[in-house]
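All of the numbers you see were taken from the coordinates with simple rules; none came from a lab. All values derive from a computational prediction rather than experimental measurement. All Cβ positions, glycine included, derive from the backbone under ideal geometry; neighbour counts span all protein chains shown.
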Amino acid sequence: MAAKNKERNPMEVITALAKRRGFVMPTSEIYGGIGSSYDYGPLGIEMKRKIADLWWKEMVRKHENIVGIDSSIIYHPRTWEASGHVDGFVDSMVDCKKCKSRFKAEDLVEHVKKAKGLNELPLTPDGENLDPDNPGYAQLPCPKCGNRDTLTEPRNFNLMFKTHVGPLEEAADKVFLRPETAQGIYVDYPQVQTVSRLRPPFGIAQIGKAFRNEITPGNFIFRTREFEQMEMQYFVKPGDEDEAMEYWKEERLGFWRDVIGIQGDNLRLREHGPTELAHYAKAAWDIEYKFHFGFSEIEGVHNRTDYDLKRHAEFSGREKDLQYFDDQTRERYLPYIVETSAGLNRGMLATLLDAYCEDEVDGQTRVVLKLDPKVAPTTAAIFPLTKKDGLPEIARKIYDDLKLDFNVFYDQQGNIGRRYRRQDEAGTPFCFTVDHQTLEDNTVTIRDRDTLDQPERPKIDALPGILAEKLRN
């Protein structure tokens, strides 16, 4: 975002733009909305689909040893016992009895440390250091209202959404909405490997929704209770996982930088320290984007060892079925898994923030989303310069000829400058204008969103090839 916008909260700016232009809108707004839930409008769904399609192309189409699946949102309940989600997928929650605010316990302690500029926890009134595992939350001030002695002690809260299968709400029918898409890949992997005739190393990819009953969702679509993941689980022979990790962390960083078009300076790879590693992980790296609140994850690359398959083998009693048998070496083993897990919603948010800028054109501020043409919701807008002299008919035919192969937009309302500005704000990279010269030589102008140049007047029949070339770059 341009320097002049630093005094404004970038998230508030992009949230307002997203709603105004139809990228992302609060859900159920006519009823007052529901916290941290959003609908994706006409531009938003196009952009989200394009990011997802590019991910699928990079992961599945590009690699002959990776295939895709689409697993159910509701799994057998034992799946979540095996994965550890039933017992371990919890957050500690603290409430303020005064202002009724709710916080994650770990966020509360970090807030106090940050506010005081401390590396350690603050002291209690009697001069003792607070225990990080039991910090005496009643002694801490509420981050929102500032009162002391108003915070409850933490209580555990499972993040999975519960529901029931069948007509009666009985305990035996209790199931969960999946909090991640990975487990569906693990339990399907033997069948997928068999029908696809894959040998390690091979991958299984999936794009789908997951659900987490977050205590403190927020920052627009950065953290929501319903979100989409783009995951690939890569199955390798034990001992080959380190090489696979090196390959995939560089591949995934390159995807956001080179394919999606996020500026390299706003991305980084960060390795998890020993205290950050999940219980199943041997190593983990995050691809982080520089949000206004600091670098934060948009994708993770993890060495999950054989933890997941071992657990599912134990809980299902199907250990032999989950092992891979190498008919050449006569070995049988549980593969290790290298996971790449990206948040589609977070990735879209980072892309929007990264593309937003303001500049001066003819003494006026222009808002523009400098999205890569591959992810821009609309690739090109087609305008007749005026509503007369047959120009709309020609422009409409161009639109009709392009619309099945490209996402294009037709507009004849308002003066041409305003139409250009509307498309700049929507991130449309190219505008084709039909004018009176078109009547003479069958050419149109091409306006470039970023440079504002109109360097060429191609023939109308050349436009499909021009757009195809622009999308390949």
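Could you line up 312, 279 from fewest to most neighbouring Cβ atoms inside 10 Å?
If I rank by nearby Cβ atoms, fewest first, I get 279, 312.
Got the relative contact order for the chain handy, in percent, Cα pairs under 8 Å and 6 or more residues apart?
Taking the mean separation of contacting Cα pairs over the length of the chain, I get 13 percent.
Using θ = phi - 60° and the Karplus form 6.51 cos²θ - 1.76 cosθ + 1.60, what ³J(HN,Hα) does each residue of region 405-419 get, whole Hz, x for Gly and Pro?
Listing the rounded values in order: 9, 9, 7, 10, 9, 10, 8, 10, 8, x, 6, 4, x, 5, 5 Hz.
Go ahead and estimate [θ] at 222 nm for the chain from helices alone: -39,500 (n - 2.57) per DSSP H run with n ≥ 4, summed, over the residue count, rounded to 500.
Mean residue ellipticity at 222 nm (helix-derived): -9000 deg cm²/dmol.
Write out the trypsin sites (Lys or Arg not before Pro) in region 290-368 meeting two conditions: DSSP loop, and at most 11 other Cβ atoms within 10 Å of their Cβ. Display every interim value, and only then the final one.
Details: sites: 290, 304, 310, 311, 318, 320, 330, 332, 346, 366; in loops: 304, 318, 330.
Within region 290-368, the qualifying trypsin sites (Lys or Arg not before Pro) (loop, at most 11 other Cβ atoms within 10 Å) are 330.
Work through the residues other than residue 268 whose Cβ is under 11 Å from its Cβ and net out their charges, Lys, Arg +1 and Asp, Glu -1.
Here the count lands on -2.
Relative contact order of region 267-375: what whole-number percent is it, with Cα pairs under 8 angstrom and at least 6 residues apart?
Over region 267-375, the number comes to 19 percent.
Sorting 50, 19, 403 on the 10 Å Cβ count, fewest up front, what's the list?
Fewest-to-most Cβ neighbours within 10 Å comes out as 403, 19, 50.
In the neighborhood of residue 277, defined by Cβ-to-Cβ distances under 12 Å, what is the net charge if each Lys or Arg adds +1 and each Asp or Glu adds -1?
Every neighbour counted, the sum reads -1.
Which net charge results for the neighbourhood of residue 144, defined as the other residues with beta-carbon distances under 10 angstrom from its beta-carbon, given Lys and Arg at +1 and Asp and Glu at -1?
Here the count lands on +3.
To make sure I understand, if each residue's beta carbon is the centre and we count other beta carbons within 10 Å, what order do 58, 214, 299, 243 fall in, fewest to most?
243, 214, 58, 299
Could you give the distance between the Cα centres of region 324-363 and region 245-302, to the whole Å?
9 Å
Among 450-457, 141-148, 186-193, how do they line up by average Cβ neighbours within 10 Å per residue, starting with the highest? Before the final figure, lay out the partial values.
Values: 450-457: 11.5, 141-148: 15.0, 186-193: 17.9.
Answer by packing, highest mean first, reads 186-193, 141-148, 450-457.
Each residue of region 461-471 in order: what ³J(HN,Hα) in whole Hz does its phi give by Karplus 6.51 cos²θ - 1.76 cosθ + 1.60, θ = phi - 60°, with x for Gly and Pro?
6, 8, 4, x, x, 5, 5, 4, 5, 4, 6
If the rule is a partner Cβ under 4.7 Å, which cysteines in the chain fail it?
357, 431
Relative contact order of region 378-472: what whole-number percent is it, with Cα pairs under 8 angstrom and at least 6 residues apart? Walk me through the numbers on the way to the answer.
Details: 144 pairs, mean separation 26.5, N = 95.
Dividing the mean separation by the residue count of region 378-472 yields 28 percent.
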